[in-house]
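Laboratory data are not the source of any read-out in this text; all were calculated from the coordinates shown. Everything numeric here is computed off the predicted structure, so don't read it as measured data. Please note: Cβ atoms are built from the backbone with ideal geometry, for glycine as well, and neighbour counts cover all protein chains shown.
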Amino acid sequence: MNNIKEQDILILLKLLAKEQQLCNWSYQGIADELTMSLSKVYAAVKRLQKSYLLDSDTRYPVHYSMYEFMVHGLRYCFPPEYKSTTRGIPTGYSAKPLQGLIASGNDLPPVWSHPEGDTKGIALTPIYKTVPDAALKDSELYRLLALADMLRSGNARERKIATEEFKKILL
């Protein structure tokens, strides 16, 4: 059985960020940057390759497959979980790299609970526990994670905007 896990999505988005930044990568480098074990990264890459989300030769995302999965499968495989009001790092439409795509209303924005966060909002459980720290280290990864959260938790308008952004990146 080849079940995609939460950490696989974080790794997939990190590899997309690396590809966009024209950076080579190593298993150890990804593990260090995402604060996870080398064995988790290695196993995730193997699962992603089996799922045709990563190319076996280049070890970078297969763009069309990734687009299809992110847009049509992500929110069903990894539905959003909300918690109470907290301080954290903005995500989804309220993320700093996405500000301006959607005018925010008076509702509290979604945030990843984090001690370094400066925004009061509704806690959205990140797709994987190390997401907030990884996002703080890499602005392109932060943007991709916030777009993924728009696909997971956003209303129809937010999902449409995130879909268009992923289309620009992947297709």
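Pairs exceeding 25 Å between alpha-carbon atoms, taken from K18/K168; K96/K120; K50/K83; K46/K129; K46/K168; K129/K167: K50/K83; K46/K168; K129/K167. Summing +1 for each Lys or Arg and -1 for each Asp or Glu among the other residues whose beta-carbon sits under 13 angstrom from that of R152 gives -2. When segment 16-137 is described by a simple charge dipole with +1 on each Lys and Arg Cβ and -1 on each Asp and Glu Cβ, the residue from S65, I102, L48 located farthest towards its positive end is L48.
Are there any helices in the chain, counted as whole DSSP H runs, that stretch 27 Å or more along their axis by Cα and score at least 1.0 on average by Kyte-Doolittle, and if so which?
Both cut-offs are met by no helix.
Taking the centroid of alpha carbons for each part, segment 87-135 and segment 12-37 are 22 Å apart.
Using every pair of separate Cα atoms, the Kirkwood estimate puts the hydrodynamic radius of the chain at 16.1 angstrom. Within the chain, the longest run free of exposed loop sites, counting GluC sites (Glu not before Pro) that sit outside DSSP helix and strand states (H, G, I, E, B) and have at most 12 other Cβ atoms within 10 Å, spans 1-80.
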